[in-house]
């Protein structure tokens, strides 16, 4: 996944003394996740990975109801660490929190301690889980994928973070419990990796979801001949999604916005981005959509989604966006 390279180096530097950390006390077959490393000198006590799972993630400190939860679906990794002796859960929590912020992750939700208004116990009550029973290392709770380390201790802490780019979402769920291993705190990482696009193409379902949720979607499968506004045949899949969406939503009007990277002349990029947006509008009108519902705009390099200093970044900045218009 492209996003891994983006965040791995920073989080590794913040957490690991060297990249190839393998603790002699780690259980067999376990390893750190590429996205986020271990707190220094921690040991892996439990490890689980599944290519696809569905987890409900909290957004509120109040007793969670189904509508309060984020439904995350994708590759799932679960790692339980025993922290070094006599390191406080608060220190561990702040280290992870700061590392995530420095890597431009979004902190979605946190709670600390046991009691309201900011404690984690109401979160516990929703799941009603007990993690340290006889089957703790043998199977996941009730044979489901839902799991996070929260044992009701006074110094417990919880954090949910999100890393997102144009191709993927990665949720990082961290539970810390000071009573997990006697003088050693427990650190539970739950990581769900959602892929937005496969082979550069999006689905009709994703198109609908993004438009409903965000009022816009960035399309990377609408391709043009180099330096021109001539649509390539490979663009037909995503162009057809626009047609399908607008025919299914006859009251929706849109902006078609062309974007370029920052190489070359600014004037040429502005002109090219508008020509490409107009080419998309021409395709849509030729396929039965009213021109009154469509407006083409070119913004050149003025709205990048990431850096233009690398080829990967420039590729992400070259795009067509469909934006709902009032």
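Odds and ends about this structure:
So that you can scan it fast, the table gives a plain yes or no per residue for (1) at pLDDT 75 or above; (2) more than 28 Å from residue 51 (Cβ to Cβ); (3) under 21 Å from the mean Cα position of the chain (by Cα):
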position: 84; (1), (2), (3): yes, yes, no
position: 87; (1), (2), (3): yes, yes, no
position: 142; (1), (2), (3): no, no, no
position: 155; (1), (2), (3): yes, yes, no
position: 161; (1), (2), (3): yes, no, yes
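- Taken over the stretch 254-269, the criterion of being over 13 Å from residue 302 (Cβ atoms) and surrounded by 15 or more Cβ atoms within 10 Å (Cβ to Cβ) is satisfied by 254, 255, 256.
- Residue check, residue 277 closer than 30 Å to residue 95 by Cα, more than 25 Å from the chain's Cα centre (by Cα) and crowded, with 19+ Cβ neighbours inside 10 Å: no
- Criterion violated by residue 295 - all others in (1) surrounded by 14 or more Cβ atoms within 10 Å (Cβ to Cβ); (2) in a helix (DSSP H, G or I); (3) modelled with pLDDT of 95 or more satisfied: (2)
- Pick from the stretch 62-73, criterion under 21 Å from the mean Cα position of the chain (by Cα) and surrounded by fewer than 21 Cβ atoms within 10 Å (Cβ to Cβ), ranking: modelled with the highest pLDDT: 73
- Residue check, residue 211 in contact with a helix residue (DSSP H, G or I) (Cβ under 9 Å, 6 or more places away or on another chain), closer than 30 Å to residue 58 by Cβ and modelled with pLDDT under 90: no
- Just one of the listed residues (284, 272, 316, 289) is within 25 Å of the chain's Cα centre (by Cα), surrounded by 18 or more Cβ atoms within 10 Å (Cβ to Cβ), touching a residue at least 24 places away in the same chain (Cβ under 8 Å) and not in a strand (DSSP E or B), and it is 316.
- Pairing residues of the stretch 207-225 that are in the same structural domain as residue 243 (by TED's automatic domain parsing) and surrounded by 14 or more Cβ atoms within 10 Å (Cβ to Cβ) with residues that are at pLDDT below 90 and in a strand (DSSP E or B), at Cβ distances under 7 Å and at least 6 apart in sequence or on separate chains, gives 221/201.
- Taken together, the criteria place residue 257 among residues that are under 30 Å from residue 162 (Cβ atoms) and either in contact with a strand residue (DSSP E or B) (Cβ under 9 Å, 6 or more places away or on another chain) or outside the structural domain of residue 315 (by TED's automatic domain parsing) (or both).
- Here residue 18 passes the criteria (1) within 24 Å of the chain's Cα centre (by Cα); (2) assigned to a loop (DSSP other than H, G, I, E, B); (3) at pLDDT below 85 except the one numbered (1).
The values are calculated or read from the model by the stated rules, or taken from the named source; none is laboratory data. Note that this is a predicted model, so its numbers are computed, not measured. For neighbour counting, all protein chains shown are included, and Cβ atoms are generated from backbone atoms with ideal geometry for every residue, glycine included.
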